[in-house]
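Taking it in order: structure first as structure tokens, then the write-up.
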Amino acid sequence: MSTQTSIQTSEKPLGRDELAQLVARDIVRGSFVNLGIGQPTLVSNYLTEEQNITLHTENGMLGMGPAAVGDDVDGDLINAGKIPVTELPGASYFHHADSFAIMRGGHLDICVLGAFQVSASGDLANWHTGAPDAIPAVGGAMDLATGAKDVFVMMTLLTREGASKLVEQCTYPLTGVGCVTRVYTDKAVFLIGADGVTVRETFGCTFEEIQILVPLSLKPAE
Amino acid sequence: MLNFIDTVGEAVAGIQDGSTVMIGGFGNAGQPFELIDALMDCGAKDLTLVNNNAGQGDQGLALLIKEGRVRKMICSFPRQSDSWHFDAKFRAGEIELELVPQGNLAERIRAAGAGIGGFFTPTGYGTTLAEGKETRLLDGKWQVFETPIHADVALIKALKADGKGNLVYRKTARNFGPIMAAAAKHTIVQVSEIVPTGALDPENVVTPGIYVNSVVRVDPAGSNSAAIDTEQVA
């Protein structure tokens with residue numbers, strides 16, 4: 001059966017910044033948000049003042065501002081990636097157990113994370129490749145995955161070798177079970193729900209082409 | 001019993017071989033570098049250290065690991081671009097690692113200070129870090145039983161202490177300080193400034209002095225010993 005696709009919204013796959021821009025646009029006004037280290041951090045560049053988003057950094061702050069430059073660099077004011085940042089009016093500081101209670105207690109609306117793999121049921125693998133000689137390091141990944149109301153993943157759809165990172169079952173060690181609600185990739189946005197995986201929109205390809213790349217049953221958004 | 005101590009060396013002198021020592025800080029923010037250096041100099045070995053990371057570069061905690069003084073590391077994120085001393089010891093099988101999700105690390109430390117015997121949390125359920133641990137279905141979520149992390153000693157950094165040992169911190173340098181101060185039997189704090197009792201607004205005290213045993217002032221502009229040398233020269 002051929003689906004007449006009406007969900008292709010871009011002629012080309014999205015670049016990292018375009019993807020960050022899309023995630024930023026989807027964050028509901030007034031949300032409390034934690035952006036993971038790496039690609040998710042780019043999202044902060046596209047949040048508008050009008051959105052009134054409060055950023056959380058797990059080392060102990062709400063109301064984090066942009067990266068600090070020049071005289072604003074202060075060794076006592078860093079983010080979870082240990083990068084010097086700034087504070088915005090209305091910021092607050094708290095100790096590590098309170099900071100993780102904000103996360104683990106379900107108070108954050110959204111966290112945005114990178115991933116090695118996401119499964120059809122929303123399992124997340126993003127902390128360990130499973131390589132026997134790798135030194136394991138987990139940080140706050142498991143707390144973020146389990147605690148936020150919505151977990152958005154940003155990643156390329158395919159590995160360098162061309163395998164889909166959206167999979168039936170994760171083969172990498174898990175970070176969290178059934179926690180991911182949305183996956184933003186360069187080729188498509190996927191919504192993960194109790195009724196399966198829906199393709200919300202595609203970039204530079206059709207729904208049918210996405211279905212060929214991803215080894216699980218997908219539905220196009222209505 | 002609260003003591004104000006002149007030097008970081010005297011402050012850490014009582015730390016025994018085999019102790020569990022919590023060290024505050026996340027990245028460089030809140031790291032009590034001078035107390036860590038003093039722990040290095042005092043020679044204590046066979047230590048179990050609790051910190052978010054496992055040392056960076058060629059300073060502080062990384063040196064304790066390099067010199068073989070650390071038996072076990074309890075942390076959430078040992079692997080960094082410059083964690084070469086930990087990496088080498090770990091690969092050689094010369095250091096034990098207890099890897100703990102960061103929120104569990106914080107909450108297990110908090111639990112120790114609050115007299116809590118353990119708690120259930122969804123964090124880590126279904127992952128390799130929960131293997132072998134008791135699980136329960138609570139409030140519709142599978143949760144993992146986690147136990148408190150106690151310590152013999154905590155080394156932390158704060159901005160100011162008053163005469164009662166009440167502490168205030170600065171920005172994100174607060175991180176593990178308050179919970180480690182409560183979790184350890186003996187808490188040693190290095191501060192930039194000691195202010196008279198009454199000079200801190202009680203509404204703004206972050207760590208009440210009841211959790212603090214030793215306070216040592218470290219000149220924020222330089223190391224403790226350098227500050228003393230300057231005084232002697234003057």
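Structural remarks
- For the stretch A:1-104, alpha-carbon Rg relative to the globular expectation (2.2 N^0.38 Å, N residues): 1.30
- Pair residue A:67, residue B:91: separation of 7 Å Cα→Cβ label points (nm): 2.9 nm
- The three principal axes of the Cα atoms in the stretch A:8-220 give end-to-end lengths of 51, 41, 31 Å, sorted in falling order.
- Between residue A:171 and residue B:197, the FRET efficiency estimated from the beta carbon spacing at R0 = 51 angstrom works out to 0.25.
- Here the mean projected area of the convex hull built on the C-alpha positions of the stretch B:64-200 is 11.0 nm².
- Averaged over the residues of peptide B:172-185, the number of Cβ atoms from other protein chains lying within 10 Å of each residue's Cβ is 5.
- Count Lys and Arg as plus one, Asp and Glu as minus one, and take only other residues whose Cβ is under 12 Å from that of residue A:64; the net charge is then -1.
- Span from the the stretch A:84-98 Cα centroid across to the the stretch B:119-161 one, whole angstrom: 23 Å
- Peptides ranked, highest mean first, by Cβ atoms within 10 Å: ranges A:24-32, A:57-65: A:57-65, A:24-32
- Inter-part distance where the stretch A:175-222 and the stretch B:53-71 are each reduced to a Cα centre, Å: 45 Å
- What a 1.4 Å probe finds exposed on chain B is 48% carbon and sulfur by accessible area, rounded to a whole percent.
- Computed over chain B: relative contact order in percent, which uses C-alpha pairs under 8 Å that are six or more apart: 22 percent
- Counting DSSP beta bridges with both ends in the protein assembly as shown, the antiparallel % (nearest 5): 40 percent
- Where GluC sites (Glu not before Pro) fall in DSSP loop in the stretch B:123-200, at most 16 other Cβ within 10 Å: B:131, B:134
- For a straight C-alpha distance cut-off of 17 angstrom, the lysines reachable from residue B:185 (same-chain residues fewer than eight places away being disregarded) are B:157.
- Those lysines that a straight Cα-Cα span of less than 19 Å connects to residue B:89, excepting residues fewer than 8 apart in one chain: B:45, B:66, B:72
- From largest to smallest, the equivalent ellipsoid semi-axes obtained for the stretch A:100-205 from the alpha-carbon gyration tensor read 21, 19, 11 Å.
- Separation in nanometres of the label points that stand 7 Å from Cα toward Cβ, at residue A:191 and residue A:163: 3.0 nm
- For the stretch B:1-77, the fraction of alpha-carbon pairs in successive 5 Å shells from zero, as %: 3, 16, 28, 28, 16, 7, 2, 0
- Computed Kirkwood radius, in angstrom, where 1/r is averaged over Cα pairs of the protein assembly as shown: 23.3 Å
- Dividing the mean sequence gap of close Cα pairs (under 8 Å, 6+ apart) by how many residues the stretch A:8-220 holds gives a relative contact order of 21 percent.
- Taking a sphere under 13 Å around the Cβ of residue A:180 and counting the other residues whose Cβ falls inside, with K and R at +1 and D and E at -1, yields a net charge of +1.
The values are calculated or read from the model by the stated rules, or taken from the named source; none is laboratory data. None of the values given here were measured: they were computed from a predicted structure. Backbone-built Cβ (ideal geometry, glycine too); neighbour counts: all protein chains shown. For accessibility, only protein heavy atoms count, side chains too; no ligands or nucleic acids. Shrake-Rupley method; radii C 1.70, N 1.55, O 1.52, S 1.80 Å.
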